[in-house]
Amino acid sequence: MTSMELIGLNTKWYRYQNNMTQEQFANKTKFKMAYISTIENGDANLTCKNIDLIARSFNIKPILLFSEETAKEAKKLPKRVDMYIKEK
């Protein structure tokens, strides 16, 4: 897996674990929703600054966004996890 794929899958995983929709996550990070989708699909070439911002938004260390273990778990999530998240 590439770094971009790892970060994308882990972002999706932690967003799901925090019961956040893409829209809620976009509001929290000030990213556009389309960019959230690009990140989670592993297509975003993120800066260190944005990696730090994502990690802070989940209250985790940035290194956790590179975890292959969590990424493998994220692959098991449904394609559209937003459908399984309750609105807050």
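A few notes on this one:
- Mean projected area in nm² (Cα convex hull; one quarter of hull surface) for the chain: 5.0 nm²
- Relative contact order, percent, the chain [alpha-carbon distance under 8 Å, six or more residues apart]: 45 percent
Every number in this text was worked out from the coordinates using simple rules, so none of it is lab data. In this text, all values refer to a predicted model and were calculated from it rather than measured experimentally.
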